[in-house]
Every structure is written in structure tokens, then in C-alpha cells.
1. Grab the Cα-Cα distance for residue 308 and residue 384, subtract it from 0.36 nm times how many residues apart they are, and report the gain in nm with one decimal.
2. Taking the mean number of other Cβ atoms within 10 Å as a proxy for protection, how do you rank 375-384, 181-190 from highest to lowest?
3. With everything on Cα atoms, drop me the angle between helix 170-183 and the longest principal axis of the chain, reported from 0 to 90° to the nearest 10.
4. Helix-derived [θ] at 222 nm for the chain: sum -39500 (n - 2.57) over DSSP H runs of at least 4, divide by residue count, nearest 500?
5. So if we plug the beta-carbon distance of residue 81 and residue 189 into 1/(1 + (r/R0)^6) with R0 = 25 Å, what FRET efficiency do we get, rounded to 0.05?
6. Rounded if a/c is under 1.5, else prolate if a/b is larger than b/c, else oblate: which is the stretch 2-52, with a ≥ b ≥ c the root eigenvalues of its Cα gyration tensor?
7. Counting only the backbone N, which residues of the stretch 272-315 are under 19 Å from the spot 7 Å out from the Cα of residue 325 toward its beta-carbon?
8. Calculate, in nm to one decimal, what residue 291 and residue 214 gain on full extension: separation in residues at 0.36 nm each, minus their alpha carbon distance.
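Only the coordinates and a few stated rules stand behind these numbers; no lab work does. Here the structure is a predicted model, which is why all the values come from computation and not from measurement. Here the Cβ is made from the backbone with ideal geometry for all residues, glycine too, and neighbour counts use every protein chain on show.
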């Protein structure tokens with residue numbers, strides 16, 4: 001199904017952006033990043049969305065104009081052959097700009113310089129924080145899409161136990177799950193805003209390799225398949241009585257959710273089973289405090305306070321010395337949206353915000369245990385979008401190909 005974003009929601013998003021521009025004294029927004037184009041137009045075609053603070057937005061499209069017209073919920077779509085045509089358009093409209101906002105968190109320096117030269121007399125300011133704040137609160141169609149993703153992902157992870165056997169490799173299980181996801185509608189693209197952080201579709205990691213830290217800012221990175229991809233699943237085979245962490249995202253209709261469960265063939269060592277129970281308790285504690293008006297950083301402190309009272313405080317959210325400074329992260333069009341359940345985060349939770357919570361314990365040379373769910377903040381508390389049993393999933397110990 002080729003789903004288009006409702007025009008009412010696009011219009012509301014643009015109005016909210018224009019209100020922020022006016023409040024902050026910015027005359028216009030110059031948007032080019034794919035995720036932001038999708039959010040504010042409903043289309044990702046090569047071009048620029050220019051949103052004046054007090055005039056209609058214009059989607060200037062170089063390639064492909066016809067698709068932009070079909071997909072975008074913007075009234076003014078203008079075909080261009082070069083961004084150099086944009087200033088002349090506004091000159092004809094007798095509209096000038098003293099200050100223009102750009103997505104400086106994601107726009108390469110050379111690209112910014114090229115675009116900023118289009119308006120040499122205008123002051124350039126960073127608009128990325130404003131954009132991310134607006135995008136943090138999801139509208140009805142976004143929430144509907146994420147609910148669908150949550151149901152699909154819960155079904156995928158529930159069925160994963162069928163293929164967890166001794167001798168099966170991480171990459172083999174990852175391939176099976178990703179293949180099933182794609183055949184069921186997963187779009188295969190999971191976007192991340194942070195530079196040089198590449199997430200793929202998620203990971204399947206096991207045993208000692210799951211506890212190996214990597215460049216990626218994840219609590220459980222995994223060894224990966226080689227130096228080119230030193231994160232996520234590798235070629236290790238599953239063994240009995242060790243943790244297997246399946247941490248995947250489901251992306252569909254432009255949105256994604258994130259979810260993880262711990263599996264085992266046989267029985268986990270007592271220490272790891274205890275740690276898993278503590279991870280679940282941290283999740284319950286943060287859930288109990290999740291409601292509108294709560295500061296995201298306070299939820300982090302609640303979780304850290306509980307984890308610090310366990311015997312495994314040094315292993316919480318990463319191998320010792322490589323612990324990350326968050327327990328959760330916003331999700332939506334990208335995997336790292338606001339709010340972050342992170343140290344010092346000032347974001348105040350509001351209805352419509354969505355985030356993934358992932359308390360995990362990591363033990364070098366032994367493995368990693370934990371779980372992850374995606375949540376929607378509601379008027380009275382939260383709705384869990386990834387509904388699945390949260391116990392350790394015990395799998396059949398029969399060897400692959402055995403009778």
C-alpha cells in the first residue's frame with residue numbers, strides 16, 4: 001500500500017514550524033534532509049522545502065517533480081533545474097529574508113556553504129533543535145503507523161524461537177528474520193540522524209561476542225562481520241546455556257519501532273538470569289513514572305538509581321568503561337529522535353511522544369541480557385507499542401538439522 005500523509009497533518013506541522021520561526025525571529029527555514037522533507041511535505045524528492053515564517057511554504061523540486069506533485073501535501077510545488085533559481089522566486093514575490101534557519105546538525109559544511117550563498121545578506125542560524133522538538137510529538141497517522149510496526153515486530157520476535165538452535169549462526173538467524181520482515185512489508189531503510197551511526201535493521205548477537213564494545217553508541221554493539229561492519233551480528237554459532245539478544249527495528253510507512261528480547265538454548269547461568277530480572281525491574285520502575293510533564297532526564301536518573309543498587313551496576317548499559325549515558329531514545333521517522341531518556345535531558349514528556357526503553361546488562365566474556373520496548377506517551381501515562389511476553393525465551397536444544 002502506497003500510503004500518503006494526510007494534508008491536515010502536514011499543514012499542522014508547517015504551522016507549528018512557522019509559529020516557532022516567528023517566535024524566534026527567524027524569517028524562513030531551508031530544509032533539505034530526507035527525514036525532514038518527508039515530515040513537512042510527505043515526499044522525499046530531490047529539492048528544497050522553503051518555509052517562510054509568514055508566507056506559504058514552497059517545495060522546490062529538481063528531481064522528480066511529477067512524483068513530488070503526486071506525493072506531497074504542499075500546495076506550492078515548483079520545478080527547478082538548480083537551487084540558484086530559489087532567490088529569484090522570492091524576489092518576484094517581494095519576499096526577503098534577514099535570517100534563515102538550516103539543519104546544521106546534519107547538513108555537510110560544503111552543502112551549507114553552497115546553499116547559504118543563495119542568500120548572501122541573510123544571517124544563517126541552526127534550526128535543528130526546533131525541528132526535532134516539533135517532530136517529537138506524533139500526530140494520528142504517525143501513531144497509527146507505529147502501532148502497525150509494533151504488531152509486526154512483536155510477531156517477528158515471537159516467531160524467532162523457531163530458528164534458534166545450536167549451530168545456527170547469528171548472521172543466519174538475522175537473515176531469516178530480515179527476510180521475513182521484508183516479505184511482510186518492512187521497508188529495509190532505518191534512518192538515524194546522528195553522523196556516522198549506522199544501525200541497519202538491528203542485530204542478532206550472542207554469548208561473549210555480544211559483550212564486545214564497538215564504535216557505535218549502543219549499549220550492546222556486538223562484534224560484527226568484520227572491520228568494515230564492526231557492529232551487530234557476526235559469524236558466531238549459537239551455543240547452549242548462553243544469552244542470545246535479538247534487537248530489531250520494524251520500519252514501515254515511514255516510521256519505525258524498536259524492540260529486543262533475550263533468548264537461550266537451555267538455561268542461563270544464574271548471574272545472567274538474575275541480571276535479566278533486574279533489567280526488567282528497571283523497565284517497570286521507569287514505566288511507573290512515565291506520564292506527561294515528567295522530565296526525560298529524571299526518568300534516566302530513576303533507572304540509574306535502581307541499577308546502581310544492583311550487584312551489576314558497572315555492567316549496566318554497556319561493558320564496564322563503555323557504558324552509554326542513556327537508557328532510552330525517541331523513535332519515529334529516525335531511530336534517535338527526541339526524547340532521550342538520557343543523563344541531563346531537559347525534554348518534558350508530552351502526549352504523542354514515542355520512545356524506546358532498553359535496560360541491558362553487559363558482561364565481558366559472558367554475554368548481554370536485557371529487553372527493549374517502544375512506548376507512546378498518552379494523556380494519562382503510556383501505551384506500549386511492542387506487546388510481547390517479556391520473560392527470557394527458552395528455545396529447543398535440538399541441533400540444527402537433527403531428528
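1. 24.8 nm
2. 375-384, 181-190
3. The two axes meet at around 50 degrees.
4. -9500 deg cm²/dmol
5. Plugging the Cβ-Cβ distance into 1/(1 + (r/R0)^6) gives 0.35.
6. Judged from the Cα gyration tensor, the stretch 2-52 comes out oblate (a/c at least 1.5, b/c at or above a/b).
7. 295-308, 314-315
8. 24.4 nm
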